[in-house]
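The values are calculated or read from the model by the stated rules, or taken from the named source; none is laboratory data. Just so you know, these numbers come straight off a predicted model, no measurement behind them. Because the Cβ atoms are built from the backbone with ideal geometry, glycine has one as well, and the counts that use them run over all protein chains shown. What goes into the accessible areas is simple: the full protein's heavy atoms, side chains included, and nothing from ligands, DNA or RNA. Shrake-Rupley method; radii C 1.70, N 1.55, O 1.52, S 1.80 Å.
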Amino acid sequence: MLGTLEPLLRRTFRSSEDAVSTYGIALSKVKGSAYVVSMDVVEKRVMDPYGKRGRPSKEWVPTYHSEYTLDIAWEFSERLAEEMADARQVRVLITNLKRGTEDSVNPRDGVTGDGVLMLYLGQYRIEHCFRTSKSRYEVNKVYFHNPSRANAFMFVVSLATMIGEFITAVLQDGGVMRTAEGLIDDMSTLLLKRDPSDNQDYLEGPSEMRDCYMRLLEVLELDPDKMFG
């Protein structure tokens, strides 16, 4: 859109018909886009050159001619984008980054379609981290007196988030389709007790949770004896 219409803003035309015709040809090249385009022809009176060397004489009467420019505006329409996506049965990812033939070091200088997707996925991981920190670990408003305490707090929260996500990934790879925080809630129903008759530790609680706990230790390759103390 920019590459087609923007150069017309710098052009001048001898007639309004020429301006309209050139605009129509350019607009046909971006037909079917998700932009709503509007145009207006602007007339400007320009003085003709003197045509002789030196300063104009007092008797010289300046003459003028008309030049025409295009005032073009375009605005992205989410409605048109949705209609186009539905018609083509595709998902549309909207971005204001410049299109490039290859991914630049700075994405704002130009990025390919695959590069946009990778940036989006990277942003999703960041958003997922914040959502996990706020919802799963109940991080709410916290007030600190100096930046060092805030940095330390964020380090602990980030570390807890990373460990929780790592445990979840290991569990699901091992066939335990549970999350780390979900297991923490479920395991609160278990109590570790010791039988005084033989000094053996055992878990007291629902049988399915005892089995789940032992499976958890197996997947995480943890020694039950060490876990029980």
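Per-structure values
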{"item": "Check on Thr179, farther than 30 Å from Asn96 by Cβ, modelled with pLDDT under 80, hydroxyl-bearing (Ser, Thr, Tyr) and out of contact with any Lys or Arg (no Cβ under 7 Å at 6 or more places or on another chain)", "result": "yes"}
{"item": "Options Ile167, Ile163; residue that is open to solvent by less than 80 Å² (accessible area, probe 1.4 Å), of a type outside the set (D, E, K, R) and modelled with pLDDT of 80 or more", "result": "Ile167"}
{"item": "Lone qualifier among Met209, Met177, Met214, Met187 - being aliphatic (A, V, I, L, M) and open to solvent by 90 Å² or more (accessible area, probe 1.4 Å)", "result": "Met177"}
{"item": "Check on Leu97, touching a strand residue (DSSP E or B) at 6+ places or on another chain (Cβ under 6 Å), farther than 17 Å from Thr4 by Cβ and open to solvent by less than 100 Å² (accessible area, probe 1.4 Å)", "result": "yes"}
{"item": "Options Arg125, Arg149, Arg131, Arg194: the member that is at pLDDT 80 or above, open to solvent by 80 Å² or more (accessible area, probe 1.4 Å) and assigned to a helix (DSSP H, G or I)", "result": "Arg149"}
{"item": "Qualifying residues in the stretch 21-57 (those that are touching a Phe, Trp or Tyr at 6+ places or on another chain (Cβ under 8 Å) and of a type in the set (Asp, Glu)) - the one surrounded by the most Cβ atoms within 10 Å (Cβ to Cβ)", "result": "Glu43"}
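Okay, residues lined up against (1) of a type in the set (Lys, Arg); (2) within 21 Å of Val20 (Cβ to Cβ):
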residue	(1), (2)
Lys31	yes, yes
Asp40	no, yes
Lys44	yes, yes
Pro49	no, no
Pro56	no, no
Trp60	no, no
Glu67	no, yes
Trp74	no, yes
